[in-house]
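No value in this document is a laboratory result; all are computed from the given coordinates. Values in this document were obtained by computation on a predicted structure and should not be read as measured data. Cβ: placed from backbone, ideal geometry, glycine included. Neighbour counts: every protein chain shown.
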Amino acid sequence: DAMVIQNPRYQVTQFGKPVTLSCSQTLNHNVMYWYQQKSSQAPKLLFHYYDKDFNNEADTPDNFQSRRPNTSFCFLDIRSPGLGDAAMYLCATSYKRREQETQYFGPGTRLLVL
Amino acid sequence: AQSVTQPDIHITVSEGASLELRCNYSYGATPYLFWYVQSPGQGLQLLLKYFSGDTLVQGIKGFEAEFKRSQSSFNLRKPSVHWSDAAEYFCAADRGSTLGRLYFGRGTQLTVWP
């Protein structure tokens, strides 16, 4: 089945130690998104790729970076994680077709910062 | 400010009872509207979406939603709730711009009593 896959599902890192989260998709979608979701809150968009074009949200901290080496994969890099970065990180994909699009989400990666 | 509002933080219903989760939006034009469900520790699963046309939308798992332009609402309904429906439900809106940004409500937590 076509899907959005996130690895790992759970990630523990140390304060200040760089960490990379992975997202892959078999849907051949041209847009990939990264969201941060803290406990009991709505998902918050960090950035997205439209094909190879990177679009950063204005309030996304510089500590968060992303890479998309090809259509199928997208990575979220947190250069120096702080305790406040502990959250669920959700990857989503969509196929941009005119203005109507539907985002499909992966299962998420739960990040714990010690 | 443009936003999506879910007035109910937490709803409790008995199994077999009917359910309605409220969602209101405040945008100048009608946005594209979505309902997602999130089980604990999981990603977001799309229940249904509204782009245009018939204002009563059928989704998966027996859910439906009705778009009411006059009330700026997109309420989610289910005639008979099952224990497995216990989860968090998010309403989201896309203004239909080329940016493809989803604006989420803060979510409604559904508890189902046996």
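Counting only other chain Cβ atoms within 10 Å of each residue's Cβ, the peptide A:6-12 averages 1. Taking other residues whose beta carbon is less than 11 angstrom from the beta carbon of residue A:85, and scoring Lys, Arg as +1 and Asp, Glu as -1, yields +2. Summing Lys, Arg as +1 and Asp, Glu as -1, what charge do residues with Cβ under 15 Å from the Cβ of residue B:58 carry, residue B:58 excluded? Combined, the nearby Lys, Arg, Asp and Glu give +1. Other residues within the sphere of radius under 9 Å centred on the Cβ of residue B:20, judged by their own Cβ, net out at +3 (K and R +1, D and E -1). Within the P(r) computed for the protein assembly as shown, what percentage of the Cα pairs occupies the region above 30 Å? When every Cα pair of the protein assembly as shown is considered, 25 percent fall beyond 30 Å. Ordering A:85, A:51 from the fewest to the most neighbouring beta carbons within 10 Å gives A:51, A:85. Comparing B:38, B:58, B:71 in a Gaussian network model of chain B, where Cα atoms under 10 Å apart are tied by springs, the biggest mean-square fluctuation is seen for B:71.
Secondary structure note: in the stretch A:10-114, about 90% of the DSSP beta bridges are antiparallel. Of the chymotrypsin sites (Phe, Trp or Tyr not before Pro) found in the stretch A:1-54, those in coil by DSSP whose Cβ has at most 16 other Cβ atoms within 10 Å are A:15. Evaluate E = 1/(1 + (r/R0)^6) for residue A:22 and residue B:77, where r is the Cβ-Cβ distance and R0 equals 45 Å; express this FRET efficiency to the nearest 0.05. E between residue A:22 and residue B:77, to the nearest 0.05, is 0.75.
Ranked by how many other Cβ atoms sit within 10 Å of their own Cβ, fewest first, the residues A:26, A:93 fall in the order A:26, A:93. Ordering A:88, A:3 by the number of other Cβ atoms within 10 Å of each residue's own Cβ, fewest first, gives A:3, A:88.
Projecting label points 7 angstrom from Cα along Cα→Cβ for residue B:70 and residue A:40 puts them 3.8 nm apart. Shown here for the stretch A:10-81: trypsin sites (Lys or Arg not before Pro) in loop regions (DSSP other than H, G, I, E, B) with at most 14 other Cβ atoms within 10 Å, namely A:38, A:52, A:79.
The loop-placed trypsin sites (Lys or Arg not before Pro) in the stretch B:37-114, going by DSSP, include none that has at most 12 neighbouring Cβ atoms within 10 Å of its Cβ. Using the Cβ-Cβ distance between residue A:57 and residue B:17 with R0 = 30 Å, the FRET efficiency computed as 1/(1 + (r/R0)^6) comes to roughly 0.15. Sorting the Cα pairs of chain A by distance into bins of 10 Å, from 0 upward, gives 15, 49, 30, 5, 0 percent per bin. With the biggest extent put first, the Cα atoms of chain B measure 43, 29, 22 Å across the principal axes.
Taking chain A as a Gaussian network of alpha-carbon nodes connected by springs under 10 Å, the highest mean-square fluctuation of the residues A:76, A:27, A:46 belongs to A:27.
Within the listed set B:70, B:52, B:39, the Gaussian network model of chain B (springs between alpha-carbon atoms below 10 Å) gives the highest mean-square fluctuation for B:70.
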